[in-house]
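Just below is one structure, and these are the notes that go with it.
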Amino acid sequence: GVSGAGKTLGALYIAYGITGDWSKIALIDTEHERARFYADRQDLGTGAFLWASLLPPYSPEKYKNFVADAATVVGSDGVVIIDSSSHAWKGSGGVLEIKDKIADQRGKNSYTAWNEAGAAQNSLVDTILSVDCHTIVTMRSKMDYVLQEDEHGRVSPKKVGLAPVQRDDTEYE
């Protein structure tokens, strides 16, 4: 969702619906500690959940460590919320930056760098999917466009809605 759409609070409500216990929810916060605003708020109906701030660099390895630690703390009946995974893709130290650094190496290029960078992304997704607890992942969104030909044969960009700030197929995972 876009900024202010309710990704964090929505994820917290869903997590509580799954667990029924605020203490079994661990939120990994990449959004400059904004999730703390929702902790233990009677006016919002939220309780005291576990929280950790994930600061730059936003490397897939760092995300994997946070996810594994959080899953251990909440147990198999708990929920880990990753708020948000967009930084692992586009943030400082994220997959796109990893790809650029690999491409800058001697004998490498932008195309071949995707082999290693893609492996880092796949490993992160696999870690998230394999932890022994429920997981909720939020993602920032951006406007998505397609090139479309008009009745005069001219091609121009057309808005088609929102797309996650993450690798193209990540939302299906």
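The values are calculated or read from the model by the stated rules, or taken from the named source; none is laboratory data. Note that the structure is predicted; figures quoted are calculated from it, not measured. Counting neighbours? That spans all protein chains shown, and the Cβs are built from the backbone with ideal geometry, glycine included. These accessible areas exclude ligands, DNA and RNA; they are computed on the full protein's heavy atoms, side chains included. Shrake-Rupley method; radii C 1.70, N 1.55, O 1.52, S 1.80 Å.
According to the calculation over all Cα-Cα pairs in the range 1-57, the P(r) per 5 Å bin from zero is 4, 19, 31, 25, 15, 4, 1 %.
Compare Glu61, Glu31, Glu97 by solvent-accessible area with a 1.4 Å probe and give them largest first, with all protein chains kept in place. Write out the running numbers ahead of the final one.
Working: Glu61 105, Glu31 20, Glu97 65 Å².
Order by accessible area, largest first: Glu61, Glu97, Glu31.
Ranked by accessible surface with a 1.4 Å probe, highest first, in what order do His134, His87 come? List each step's numbers first, then the result.
Numbers: His134 85, His87 20 Å².
Sorted descending by solvent-accessible area, the residues read His134, His87.
Taking θ as phi - 60° and the Karplus parameters 6.51, -1.76 and 1.60, the scalar couplings of the range 77-83 work out to 9, x, 10, 9, 10, 9, 10 Hz in sequence order, x denoting glycine and proline.
Extension gain for Leu147 to Val160 (0.36 nm times residue separation, less C-alpha to C-alpha distance): 3.7 nm.
Report the gain in length on full extension from Arg106 to Ala68: 0.36 nm times residue separation, minus Cα-Cα distance, nm rounded to one decimal. Intermediate results must be reported in sequence, preceding the final value.
Working: separation 38, 0.36 × 38 = 13.68 nm, distance 3.44 nm.
The span from Arg106 to Ala68 would gain 10.2 nm if fully extended.
Would you list Tyr16, Tyr145 from the most to the least accessible area, probe 1.4 Å? If you can, show how the numbers build up before the last one.
Values: Tyr16 90, Tyr145 120 Å².
Descending order: Tyr145, Tyr16.
Roughly to the nearest percent, how much of the accessible area of the range 15-146 is carbon and sulfur, given a 1.4 Å probe? That share works out to 51 percent. Comparing Gly4, His87, Gln42 along the charge dipole axis of the range 1-122, the residue lying farthest to the positive side is His87, per the Cβ-charge model.
Relative contact order for the chain: what is it in percent, counting Cα pairs under 8 Å that are at least 6 residues apart? Display every interim value, and only then the final one.
Details: 302 pairs, mean separation 39.8, N = 173.
Answer for the chain is 23 percent.
Rounded to the nearest whole Å³, what is the per residue volume of the convex hull around the Cα atoms of the chain?
Enclosed volume per residue, from the Cα hull, is 135 Å³.
Using the 1.4 Å probe convention, the accessible area of the chain works out to 57 Å² per residue with neighbouring protein chains retained.
Summarising the amide proton neighbourhood of Ile82: residues at separation of 5 or more, or on other chains, whose placed amide H is nearer than 5 Å comprise Ile28, Ile136, Val137, Thr138.
Taking 18 Å as the cut-off, the amide N atoms of the range 61-84 that come nearer than this to a point 7 Å along the Cα-to-beta-carbon line of Arg41 belong to 81-84. Overall, the chain carries a charge dipole of about 420 debye about its Cα centre when +1 sits on the Cβ of Lys and Arg and -1 on the Cβ of Asp and Glu, all other atoms neutral.
Of the beta bridges DSSP finds with both residues in the chain, what % are antiparallel, to the nearest 5?
Numbers: 9 of 22 bridges.
That works out to approximately 40 percent antiparallel.
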